[in-house]
Amino acid sequence: MFFLPAWEAMKDFNNKYRHCKIICLALSLSLVSATAFIRPCPAKAAARRGGGVYLTTPNPTNPLEHNNRAVELGSKQLWQQALEEHKLALEGDPENITFRRNLSAGELRYADSLRAAKNLPAAITHYRRALFADPNNAPADSNLDYCLNALGKNPSDPSYRLSLAKGAEGTPDHFEDAVVEFRKAAKLSDTGINHFYLGQCLMRGGKVVEGYDEMIVALRKDWPKDKENTEALSDCHTVLGDTLKDFAYKAKGYQDKSVFTRRLNNAASEYRRAVTVNPSNSNAIRGLRDVGIEAVAINPSFRNQMLLGGAYLLQGDFDHAKLCYEKAWRAEPTNPDLAKARIAYHQAVVESALATPMRVAETVQKVDDLIKLNPNDAQLWYILARGRDRQGEKAGAVEAAQKAIALNKFVNPLLVPFYNNLTGQGPEAAAAGTSGTAASATAGALGGTPGGTGPGAANAAASSAKAKPTVDNTAAYGKIESLIKENKLDEAIKEADTLAGASPSDGKVWLLEGTALEKQGKLDDAATCYRQAAGLKEAGAADALRQINTSRVQPLLNDAEKLIIEKNNAGALAILKEAIILAPNLPSLHRKAAQVLKAMSDEGEAAKENKKADDLEKAK
């Protein structure tokens, strides 16, 4: 409600003396609030306005005086000047609720006058401004609806109000209109997505606190499970994560680093939720990576390395993900989260179009070894099926998929569609595959490690079934060998990798690529190529694999020896098991593991390890 100042002229006092003066005292009383009063001012100090209008309030020098001047201008129907003064008062004291309501009341009275003059578009604009200043201004809300109805629209239709909001949001000068219409849409349809739209609009307009609060409200509302709502819910978590990350950066220079760390953790939680809801949310993935980098810089702990590795995995950056997971493994080699994320990593590899043939081959080999340890794991069989399909091994893919379905056809929502596609029983599940890739990577982001420290036995059984290439690649061999001799290793690897993608069953190509990688010092990648070549019965590949595995596991053996000297047999055994995963065909590793087991009085397991060593030595 808009109150006008009341003025009462004092009576003139005359005396009978010649030098008597006329004294006029003006008493001002503002009824806008219990605390806002206009100071008495002599008439001779009053400001004169155009048109013969005199103002008795003093020239404003503070928010209260701007408010009082606005009230006086409003009493004289000078609406535009009055609203400007109300805005100045509110700008000077933004937290003053009375000033905010006064501005809203002034906008309402001005809009009413415009509506009476049949200027509905202008009236609508000022009714919205009244509601922006005070969302609880019921007369403004009702009169705005009246004007929209007079224009032939349905003001009670939430979709219509939402369309008005989105149209206004796209225009910089109509931010207030957008906020008002988003509020109305959320009031008419109290759903999560409508509150999210409102919160997002407020944040874009610089109202960060109000927008953040509205986002929290949105998360407590209903979110129907359709594509639009799913993406919006994920975006809501992302915006919250971005906001928390910005607040974290502000605390980066604090002496107490715990504040920075705590805020980073809060931001990471929101990004994780965003990715869980929508694994394809690239903004959330990027935010999670940024938070992970900052967290690792402060403390390269197991959890922080896992966080960053998971973010890289979500981006399809397998090299960085692998590096982070290896660091996490070295920090806590027995943590159960490592095994969970190893599976997520391998699934992401076989489902991602970003994975190179060499990386797919590495995953297939390692998953095949895991299956030997866990033959009833349907998820592993599914990953193996996808990997073999990527390698052009359709028969092996069908066999592995059948095994997965027999164990648990619900282990992965893509399993049955993938099998149907393989056997020609259904359409290609390409779209589903994309979401599956991101979904599996999400598991890695939430904690886990891949095959960088995973199993590494040769995939001999599967690879032996591969047919020899029908294409003559002799000329290509010569080119790659020439590049290796000239030490143009990057070019040689690129040529070999391209040829391996076209002829995955060509063992010679894998052997050449392994040679180039070994010369570059990339022993893990070289071992993958040698293992693939050995599985394809390529001459010399098995010896090359054995030699390079010895080099790869030497650092682990050194660590194990130190722990044995320190009488930490459990820790030494854990490291030896990881070394065996990397190089399962080295008898020396099994002998060393048997020694440690015997020292731990586990004669049964020690005997098993000695038998494995004996068998490997006989097979040479």
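The values are calculated or read from the model by the stated rules, or taken from the named source; none is laboratory data. Computed from a predicted model, the values in this text were never measured in an experiment. Here the Cβ positions follow ideal geometry from the backbone for every residue, glycine too, while neighbour counts run over all protein chains shown.
Some observations on this one:
- Qualifying positions in the range 379-420 - of a type in the set (A, V, I, L, M), in contact with a Lys or Arg (Cβ under 8 Å, 6 or more places away or on another chain) and farther than 23 Å from residue 510 by Cβ: 415, 416
- Residues of the range 517-551 classified as free of Cβ contacts under 8 Å to residues at least 60 places away in the same chain and under 18 Å from residue 489 (Cβ atoms), total: 13
- Boolean, residue 584 is under 25 Å from residue 363 (Cβ atoms) and not in a helix (DSSP H, G or I): yes
- Unique residue being under 13 Å from the mean Cα position of the chain (by Cα) and either among the β-branched types (Val, Ile, Thr) or farther than 24 Å from residue 236 by Cβ (or both) when the list is 261, 334, 276: 276
- Qualifying residue in the range 346-366 (condition: surrounded by fewer than 24 Cβ atoms within 10 Å (Cβ to Cβ), in contact (Cβ under 8 Å) with a residue 40 or more places away in the chain, closer than 25 Å to residue 574 by Cβ and over 23 Å from the mean Cα position of the chain (by Cα)): no
- Condition check for residue 199: out of contact with any Ser or Thr (no Cβ under 8 Å at 6 or more places or on another chain), among the small types (Gly, Ala, Ser) and more than 26 Å from residue 311 (Cα to Cα): yes
- Residue tally, condition aliphatic (A, V, I, L, M) and under 11 Å from residue 517 (Cα atoms), over the range 469-504: 5
- The single condition among (1) modelled with pLDDT of 85 or more; (2) of a type outside the set (Gly, Ala, Ser); (3) buried (at least 22 other Cβ atoms within 10 Å of the Cβ) that residue 437 does not meet is (1).
- Given (1) surrounded by fewer than 16 Cβ atoms within 10 Å (Cβ to Cβ); (2) in the same structural domain as residue 342 (by TED's automatic domain parsing), index of the condition residue 315 fails: (1)
- Taking each residue of the range 118-137 that is assigned by TED's automatic domain parsing to the domain that holds residue 97 and over 13 Å from residue 151 (Cβ atoms) and looking for partners that are modelled with pLDDT of 90 or more and in a loop (DSSP other than H, G, I, E, B) with beta-carbon atoms closer than 7 Å, six or more apart or interchain, yields 130/137; 131/137.
- Summed over the range 124-145, the residues that are closer than 12 Å to residue 114 by Cα and among the polar types (S, T, N, Q) give a count of 2.
- Tallying residues that are part of a helix (DSSP H, G or I) and either surrounded by 13 or more Cβ atoms within 10 Å (Cβ to Cβ) or charged (D, E, K, R) (or both) within the range 555-573 yields 12.
- Meets criteria (in the same structural domain as residue 75 (by TED's automatic domain parsing), assigned to a helix (DSSP H, G or I) and free of Cβ contacts under 8 Å to residues at least 24 places away in the same chain) for residue 105: no
- Only residues that are touching a residue at least 12 places away in the same chain (Cβ under 8 Å) and part of a helix (DSSP H, G or I) were counted in the range 321-338, giving 12.
- Among residues of the range 164-190 that are under 21 Å from residue 104 (Cα atoms) and modelled with pLDDT of 90 or more, those with a beta-carbon under 9 Å from a residue that is among the β-branched types (Val, Ile, Thr) and surrounded by fewer than 24 Cβ atoms within 10 Å (Cβ to Cβ) at least six positions away or on a different chain give the pairs 177/124; 177/125; 177/171; 178/171; 186/217.
- Looking across the range 388-429, just one residue is at pLDDT below 90, among the β-branched types (Val, Ile, Thr) and in a helix (DSSP H, G or I), and that is 416.
- Looking only at residues of the range 609-620 that are surrounded by fewer than 14 Cβ atoms within 10 Å (Cβ to Cβ) and assigned to a helix (DSSP H, G or I), we find that the one that is modelled with the lowest pLDDT is 619.
- Exactly one residue out of 542, 583, 579 is hydrophobic (A, V, I, L, M, F, W, C), crowded, with 17+ Cβ neighbours inside 10 Å, over 41 Å from the mean Cα position of the chain (by Cα) and at pLDDT below 85, and it is 542.
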